[in-house]
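The values are calculated or read from the model by the stated rules, or taken from the named source; none is laboratory data. All values reported here derive from a predicted model rather than from experimental measurement. With ideal geometry, Cβ positions are generated from the backbone for all residues, glycine too; neighbour counts draw on all protein chains shown. Accessible surface areas use protein heavy atoms only, side chains included; no ligands, DNA or RNA. Shrake-Rupley method; radii C 1.70, N 1.55, O 1.52, S 1.80 Å.
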Amino acid sequence: MGSATGSAFDAGTLRRGIEGNTGNTLLSLYADDARIRIVDRVHQPSRPTELHGRVEIAELLDDIYRRDMTHKLEQCVIQGDHAAYSESCEYADGTRVLAESMLTLRDGKIADQLIIQVWDE
């Protein structure tokens, strides 16, 4: 299934990206025209945060990976052109974040992502 070019989306690469120290590996998994929608307590379903393209996604990842927090890939399911995963994060002060993502893949890259996230308050 995996191609010699390494373009196939796989859980190992996703784990390295999420659990790494920068967003660079994770960014490489996105298509150039990828879209991310984020829903949380502040950005509700009728008005999600929307990011379009790798430049905007890079800004988000840079912001996230500059924070003093850990990231852990809990579960990942890949089925054809769709994938879903759970991520848990923890800030240095103990504040925890949970995020669930649903992905649409195109040519082994993330084309569309919906993130639903909650955090301790």
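When you check ARG15 against the structure, is it open to solvent by 20 Å² or more (accessible area, probe 1.4 Å), in contact (Cβ under 8 Å) with a residue 60 or more places away in the chain, among the charged types (D, E, K, R) and in contact with a strand residue (DSSP E or B) (Cβ under 9 Å, 6 or more places away or on another chain), yes or no? Spell out how you get there, then give the answer.
Values: open to solvent by 20 Å² or more (accessible area, probe 1.4 Å): yes; in contact (Cβ under 8 Å) with a residue 60 or more places away in the chain: yes; among the charged types (D, E, K, R): yes; in contact with a strand residue (DSSP E or B) (Cβ under 9 Å, 6 or more places away or on another chain): yes.
Considered against the rule, which asks whether it is open to solvent by 20 Å² or more (accessible area, probe 1.4 Å), in contact (Cβ under 8 Å) with a residue 60 or more places away in the chain, among the charged types (D, E, K, R) and in contact with a strand residue (DSSP E or B) (Cβ under 9 Å, 6 or more places away or on another chain), ARG15 comes out as yes.
LEU26 fails exactly one of the following numbered conditions: (1) part of a helix (DSSP H, G or I); (2) farther than 20 Å from LYS109 by Cβ; (3) touching a helix residue (DSSP H, G or I) at 6+ places or on another chain (Cβ under 8 Å). What is the number of that condition?
(2)
Out of all the residues in the range 107-117, which are over 17 Å from GLN75 (Cα atoms), open to solvent by 40 Å² or more (accessible area, probe 1.4 Å) and in contact with a strand residue (DSSP E or B) (Cβ under 6 Å, 6 or more places away or on another chain)?
Selection gives LYS109 alone.
Would you confirm, using the coordinates I've provided, whether ASP62 is open to solvent by 30 Å² or more (accessible area, probe 1.4 Å), out of contact with any strand residue (DSSP E or B) (no Cβ under 6 Å at 6 or more places or on another chain), closer than 20 Å to ASP33 by Cα and touching a residue at least 12 places away in the same chain (Cβ under 8 Å)?
Details: open to solvent by 30 Å² or more (accessible area, probe 1.4 Å): yes; out of contact with any strand residue (DSSP E or B) (no Cβ under 6 Å at 6 or more places or on another chain): yes; closer than 20 Å to ASP33 by Cα: yes; touching a residue at least 12 places away in the same chain (Cβ under 8 Å): yes.
Answer is yes for this residue.
Quick one: in the range 57-112, which of the residues that are hydroxyl-bearing (Ser, Thr, Tyr) and outside any strand (DSSP E or B) is farthest from THR22 (Cα to Cα)?
We begin by selecting, within the range 57-112, every residue hydroxyl-bearing (Ser, Thr, Tyr); these are 65, 70, 85-86, 88, 91, 95, 101, 104.
Applying the additional criterion that residues be outside any strand (DSSP E or B) yields 65, 95.
Details: TYR65: 5, THR95: 20 Å.
Result: THR95.
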